[in-house]
1. Just for region 259-286: of the residues that are within 21 Å of the chain's Cα centre (by Cα) and basic (Lys, Arg), which one is nearest to ligand 1 (Cβ to nearest atom)?
2. Within region 80-91, identify whether any single residue is free of Cβ contacts under 8 Å to residues at least 60 places away in the same chain, buried (at least 23 other Cβ atoms within 10 Å of the Cβ) and part of a loop (DSSP other than H, G, I, E, B), and answer yes or no.
3. On the given criteria, is Lys221 loosely packed, with under 15 Cβ neighbours inside 10 Å and away from ligand 1 (no atom under 15 Å from the Cβ)?
4. Given the criterion among the small types (Gly, Ala, Ser), in contact (Cβ under 8 Å) with a residue 60 or more places away in the chain and surrounded by 15 or more Cβ atoms within 10 Å (Cβ to Cβ), identify the matching residue among Gly523, Gly514, Gly539.
5. Give the number of residues within region 430-444 that are under 21 Å from Gly471 (Cα atoms) and either polar (S, T, N, Q) or in a loop (DSSP other than H, G, I, E, B) (or both).
6. Only one of (1) more than 15 Å from Leu455 (Cβ to Cβ); (2) outside any loop (DSSP other than H, G, I, E, B); (3) at pLDDT 95 or above is not met by Asp406, so which one is it?
7. Can you give me the number of residues within region 314-324 that are surrounded by fewer than 23 Cβ atoms within 10 Å (Cβ to Cβ) and touching a strand residue (DSSP E or B) at 6+ places or on another chain (Cβ under 9 Å)?
8. Has region 98-106 got any residue that is under 18 Å from Gln20 (Cβ atoms) and aromatic (Phe, Trp, Tyr)?
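The values are calculated or read from the model by the stated rules, or taken from the named source; none is laboratory data. These figures come from a predicted structure and were not determined experimentally. When we count neighbours, we look across all protein chains shown, and the Cβ atoms used for this are built from the backbone with ideal geometry, even at glycine.
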Amino acid sequence: MSQLASRDERPWWRDAVTYQIYIRSFADSNGDGIGDVEGIRSRLPYLKKLGIDAIWITPWYPSPQHDHGYDVADYMDIEPEYGTLADAEELIKEAHGFGIKLIVDIVPNHTSSDHAWFQAALKAAPNSVERYRYMFRDGKGVNGDLPPNNWEAVFGGPAWERVTEANGTLGQWYLHLFAVEQPDLNWENPEVVSHLEDVLKFWLDRGVDGFRIDVAHGMFKEAGLPDITKDPVAEMLGTDHKPFWDQEGVHDIYRSWRKIFDSYPGDRMAVAEAWVSPASRIARYVRPDELQNSFNFEMLTTLWKASEIKKKINHSIDALAEVGAPTSWVFNNHDVVRSVDRLDLGLTNHGDTTRLRQGDPAQFNIARGTLRARSAALMMLALPGGAYLYQGEELAVPEVRDIPEDRLTDPRWKMSGYLDRGRDGCRVPLPWSSNPEGAFGFSKDDTLTPTQAWLPQSAWWGKFSVDSQDGVEGSTLSMYREALAIRKAEQGLGDGPMEWIQAGEDVVAFERPGDFACYINFGAAIELPSNSQILLATGPVHGHTLATDTAVWIRLIS
Ligand code: GLC
Ligand code: CA
């Protein structure tokens, strides 16, 4: 296989391993049970030792926290619960001192209803400049009693909320594709466009290396806001067309954002959270003059099946190669059921997670789930492109399914009519120590108990702690550290070519430059090539026999 541009010659974002920090749940520095900026700062040495290249911090702006920060009240400041702007600036500098890039989460589709703009819009009259920043419309029916169209919010229920006008009468409706407290911005309004550009510059000026763009396929809505036509099959497959997703207008925005990134020194970048399919639609977000990365969510919806995974890898790589962009693999984030549970139970994050989140343990086999999640990670880290890790996956924490109902906080819980427990189960504060003091080491304050953390930690949570895995051979943490170290040392991993190895129907196997190969076995035990030297494995390997659900990195010795 051909030799590649060395890591120093290519932009870092082509194959970076980025660690997602869900700030509320990462580390608490002051004992209030809520993670914060100082907590992240104190754990930079841990992140350095893990071997990641960059961190992505979920929204840390002032917010009433109806959707834990994805409801932004002010894009140019820090939520007081998390710290100050000065703390954030210090963190950016310190991360850079450790050689770690930092990207922030930008939420352009909607603001918080607490945002000064929305408060002003509520007080202003219909058709005012203030209302034009959002999606206000008159209702249908007699007296405008019915919502302007039939759109539904992602979290459940109608996507429209009626407001009371200044004179006390029921008035217009506003669009919220997510929670009621997340009014959609009007991207046809140049003032919105220019404000968000100012926001980007504000953070670029403070040294951030890039942005994760929330709901990057949202923002623009089809002209006339037509009703949606319902097709249950297309919905299940995720191929249905919605007049509020993936509209042409977003690409103009990303073209102008790209110019802003390029006007700064260093390789500033952005990664799109665009839940669109097929892969050819994703490719449109990463054309050479648009964004650099777009999450590849294929693996969030995959079954643990070799043929399906191979197909998804091929589609993803081919579609993005056409525009010269790298793929960005993801197996976990703060919106989906943890891979340990998912890959064991065969959940695809298409509605079937509701059942799991309701606490039905089904036939959950944690040992098998853990092995599969580890093998998935090794596969991801050997594939061409970048990878996004979500805090806790390096510890193989499972989904927490026993959060008491009265402690659930995800807006999805209420908006689904208390049918879907929502995403809290993958957001429980990290266990740093096996001792329950300080909420298993999540908090600097030893007196904080596990149930006093903002989301309660279960009694068994400490089993997965950092301290119980640190330096322990065969632990998931040790595996991630070794994998990332090897990935760094092998110049050919990350960006660059791959070739499939035909190793049977139930095996995913591919070669990378440097006689490096990765095998993942989904079926009965197989024999690895006799010339393989094992570099790393997700489970025991006896001789050259690779057991079910196990993955290895090998060097093929000639
Ligand atoms: C994205 C975020 C999710 C949030 C939603 C609304 O999908 O990842 O957590 O609830 O956008 O902002
Ligand atoms: Ca705190």
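1. Arg281
2. Yes, region 80-91 has at least one match.
3. Answer is no for this residue.
4. Details: Gly523 fails: surrounded by 15 or more Cβ atoms within 10 Å (Cβ to Cβ); Gly514 fails: in contact (Cβ under 8 Å) with a residue 60 or more places away in the chain.
After applying the criteria, what remains is Gly539.
5. Let us first name the residues in region 430-444 that are under 21 Å from Gly471 (Cα atoms), namely 430-436, 440-442.
Remaining after also requiring either polar (S, T, N, Q) or in a loop (DSSP other than H, G, I, E, B) (or both): 430-436, 442.
Count: 8.
6. Asp406 satisfies every listed condition except (1).
7. The first filter runs over region 314-324 and keeps only residues surrounded by fewer than 23 Cβ atoms within 10 Å (Cβ to Cβ), leaving 314-315, 317-319, 321-324.
Adding the requirement that they be touching a strand residue (DSSP E or B) at 6+ places or on another chain (Cβ under 9 Å) leaves 314.
Number of matching residues: 1.
8. Keep residues of region 98-106 that are under 18 Å from Gln20 (Cβ atoms), which gives 98, 100-106.
Those still in the list that are aromatic (Phe, Trp, Tyr) too: 98.
Scanning region 98-106 turns up at least one residue that is under 18 Å from Gln20 (Cβ atoms) and aromatic (Phe, Trp, Tyr).
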